[in-house]
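Notes to accompany the following structure.
The values are calculated or read from the model by the stated rules, or taken from the named source; none is laboratory data. Because the structure is a prediction, the values reported are computed rather than measured. No Cβ is skipped: glycine too gets one built from the backbone with ideal geometry, and neighbour counts run over all protein chains shown.
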Amino acid sequence: METVSKFFREEKDFLYRKGEVKGIEKGREEGREEKEIVVVTKLITELGFSDEQAANFAEVPVSFVKSVRDRLKK
């Protein structure tokens with residue numbers, strides 16, 4: 001009789017693969033947000049953009065720009 005570990009493989013398991021895909025998607029989303037923070041920070045500090053200008057240029061909500069600006073003040 002074969003052992004369970006030979007019969008079932010994590011790599012082929014649907015739930016294992018689903019978790020793997022979700023992890024990749026989460027990593028991409030976090031990376032995208034980090035990039036937005038960097039862009040907005042540069043728009044504020046180096047170019048002196050207002051909240052509305054930075055939000056429009058970076059294509060993010062004004063609330064996001066305000067949160068970045070608050071982090072910079074701390």
Problem - Matching option when the condition is modelled with pLDDT of 90 or more and acidic (Asp, Glu), among 20, 25, 46, 11 - result: 46
Handout entry: Matching residues in region 39-51 - criterion: being in a helix (DSSP H, G or I) and loosely packed, with under 15 Cβ neighbours inside 10 Å
Key = 42, 45
Exercise for the section: Filter region 52-64 for residues that are within 21 Å of the chain's Cα centre (by Cα), in a helix (DSSP H, G or I) and surrounded by fewer than 17 Cβ atoms within 10 Å (Cβ to Cβ) and give the result. Expected result: 56, 57, 62, 63
Fill in the blank from the handout: Across (1) in a helix (DSSP H, G or I); (2) over 19 Å from the mean Cα position of the chain (by Cα); (3) at pLDDT below 95, residue 1 clears everything bar (1)
